[in-house]
Amino acid sequence: MSQFITESLQTPVNYEYDVAVAGGGTAGVVAALAAARNGAKTILIDRYGFLGGSMINGAGPLHSFFNLYKAFPGAEKIQVIRGIPDEIVTRMKERGGSPGHLEQDKGGNYDSVITLIDWEIFKEVIFEMMEEAGVKILLHTMVVGAVKEGNTVKGLIIEGKSGREAILAHAVIDTTGDADVAAFAGANFTKKHDTTSVGFPFGMTNVDMERLVKFLGEHDMINQIIRGDKGSDIDHVIRLGFELKKMPEFKEFMEENQMWGPLGASLHENNYTYINGVNLSCVDTTSTEALSQAEIILRRRAMALADRMVKYLPGFEKAYVSWTPVAVGVRYTRVVECEHDMTLDEIVNGQRFDDEVMLYGFHDCAPRIMIKDAKYYGIPYRAFLPKNVEGLLVAGRLITSDWSAHMSTRNTASCMAQGQAVGTAAALSAKAGVAPRDLDVQQLRETLRSQNVFLG
């Protein structure tokens, strides 16, 4: 039998803001910047000691600011994601933290252009941008509840080193990834963890990248590569993906341990900065026990793969693991039931909407699943409005219930653009004194256009 402890709590309201953003990850950082820049008094809460979430803790390259033009000969190259996300890349380039948008030399029918950023420089740059915009930041802080009046979200309950506190806000944005706020607020959701896997990327230093590429090329193992200038006289490999299962020393080992690829990136000389290919299926990361066990299993698998590469793969003889993520990379958990749910047909056919607030042109299953004819599709404002709950906007990997459609909308550049849309909407709704659901969508679209968001 379960035992329960009954508590009677008085929680101090220590913060009152126009907009509260829960989750400072891929969508949340852009949402907070957009809200503050549009005149809203904004607070941002994150559980880690840095901002960026999976964008700098598991996602690797940012997919994708451009349409998939290389898969369709003669198609026009179009930068679909602009606005604040592209401004972040520009700021990173100015600080020496990004080579910018790079065309693939091989693998352009998966993603024609990838965008890399140095994670440590990003952490500094994004704090600077938040300070410039006047965003209040609370780190090392968990959202543990929602403040509600009827069916309207009025704020958040948080816990950190200061204990339990409350934030009141006109509009709340849930960019937690796991839809924590929406769940606390009583929004309808489904759990989708049984349709996908969690991952655990890692990085290795002292990798002879040119020797590695030579070996892989001789054995027809490379499926993605970009060469470019990364400040080295001996190493020009920036993007590298290959089929390691073609080697007998790896095939059975990788299949038994749910490994693929790997696919990675290299920002510094002889440093395979990011190696993605270690997975574990069907993990409910909203469960403390399941998440804990996944961390242990995946870390063990990552280290085992690294050991095997050192033993068998030319170029790795002197390499060692130099980076692991602060948490497993989660693709799919709770999905909030919103006023519109994107479908695969809408995505691959480049569907457009009267109330669309962003466009996107990448699908993570390309070339098997592609947006036809190098098109892009719209995501309507309705897709960020939970049913039966007011005062709440959601964005990021917690929208889109169909796995095959989610494999597009959940990607980093999409989540960044979603963040700008909902952050702007929250600020405008606070300014007008209306619920996000009652906001004039055409005013929102005009504001986004004026702030360099591409809407066709």
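Among the residues of the stretch 192-237, those identified as under 20 Å from Ser98 (Cβ atoms), in contact (Cβ under 8 Å) with a residue 60 or more places away in the chain, open to solvent by less than 60 Å² (accessible area, probe 1.4 Å) and part of a loop (DSSP other than H, G, I, E, B) are Pro201, Gly228, Lys230.
When the stretch 117-134 is filtered for residues that are open to solvent by 50 Å² or more (accessible area, probe 1.4 Å), in contact with a strand residue (DSSP E or B) (Cβ under 8 Å, 6 or more places away or on another chain) and on the phi < 0 side of the Ramachandran plot, only Phe127 remains. Mind listing whichever residues of the stretch 1-23 are part of a loop (DSSP other than H, G, I, E, B) and either basic (Lys, Arg) or in contact with a Ser or Thr (Cβ under 8 Å, 6 or more places away or on another chain) (or both)? Across the stretch 1-23, the qualifying residue is only Gly23.
Residue by residue through the stretch 324-346, note down the ones that are open to solvent by 40 Å² or more (accessible area, probe 1.4 Å) and assigned to a loop (DSSP other than H, G, I, E, B). Give the derivation first.
Start the filter on the stretch 324-346 by keeping residues that are open to solvent by 40 Å² or more (accessible area, probe 1.4 Å), which leaves 324, 326, 331, 337, 339, 341, 343-345.
Within the stretch 324-346, Thr324, Val326, Arg331, Glu337, Glu339, Asp341, Thr343 qualify.
Considered as a group, the residues in the stretch 305-323 that are open to solvent by 40 Å² or more (accessible area, probe 1.4 Å) and hydrophobic (A, V, I, L, M, F, W, C) include one that is modelled with the lowest pLDDT, and that residue is Trp323. In the stretch 44-58 there is at least one residue matching the filter, namely being more than 14 Å from the chain's Cα centre (by Cα), assigned to a strand (DSSP E or B) and among the β-branched types (Val, Ile, Thr).
For the stretch 71-88, which positions are in a helix (DSSP H, G or I) and either free of Cβ contacts under 8 Å to residues at least 40 places away in the same chain or under 20 Å from Arg449 (Cα atoms) (or both)?
Taking the stretch 71-88 and keeping what is in a helix (DSSP H, G or I), we get 71, 83-88.
Matches in the stretch 71-88: Gly83, Ile84, Pro85, Asp86, Glu87, Ile88.
Exactly one residue out of Gly39, Gly83, Gly23 is exposed (fewer than 15 other Cβ atoms within 10 Å of the Cβ), of a type outside the set (Lys, Arg) and either touching a helix residue (DSSP H, G or I) at 6+ places or on another chain (Cβ under 8 Å) or at pLDDT 95 or above (or both): that is Gly39.
For every residue, the table says whether it meets (1) of a type in the set (Ser, Thr, Tyr); (2) surrounded by fewer than 24 Cβ atoms within 10 Å (Cβ to Cβ); (3) at pLDDT 95 or above.
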position: Pro12; (1), (2), (3): no, yes, yes
position: Tyr15; (1), (2), (3): yes, yes, yes
position: Val29; (1), (2), (3): no, no, yes
position: Ala32; (1), (2), (3): no, no, yes
position: Ala35; (1), (2), (3): no, no, yes
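Residues checked against (1) under 25 Å from Glu218 (Cβ atoms); (2) touching a strand residue (DSSP E or B) at 6+ places or on another chain (Cβ under 6 Å):
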residue: Asp235; (1), (2): yes, no
residue: Ile238; (1), (2): yes, yes
residue: Glu252; (1), (2): yes, no
residue: Gln258; (1), (2): no, yes
residue: Tyr274; (1), (2): yes, yes
residue: Val278; (1), (2): no, yes
residue: Ser281; (1), (2): no, yes
residue: Asp284; (1), (2): no, no
residue: Thr288; (1), (2): no, no
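Among all positions in the stretch 422-438, there is at least one residue which is open to solvent by 10 Å² or more (accessible area, probe 1.4 Å), on the phi < 0 side of the Ramachandran plot and part of a loop (DSSP other than H, G, I, E, B).
The values are calculated or read from the model by the stated rules, or taken from the named source; none is laboratory data. It should be emphasised that the depicted structure is a prediction, and the values quoted were computed from it without experimental measurement. Glycine also receives a Cβ, built like all others from the backbone with ideal geometry; neighbour counts cover every protein chain displayed. Ligands, DNA and RNA are excluded from the accessible area calculation, which covers all protein heavy atoms including side chains. Shrake-Rupley method; radii C 1.70, N 1.55, O 1.52, S 1.80 Å.
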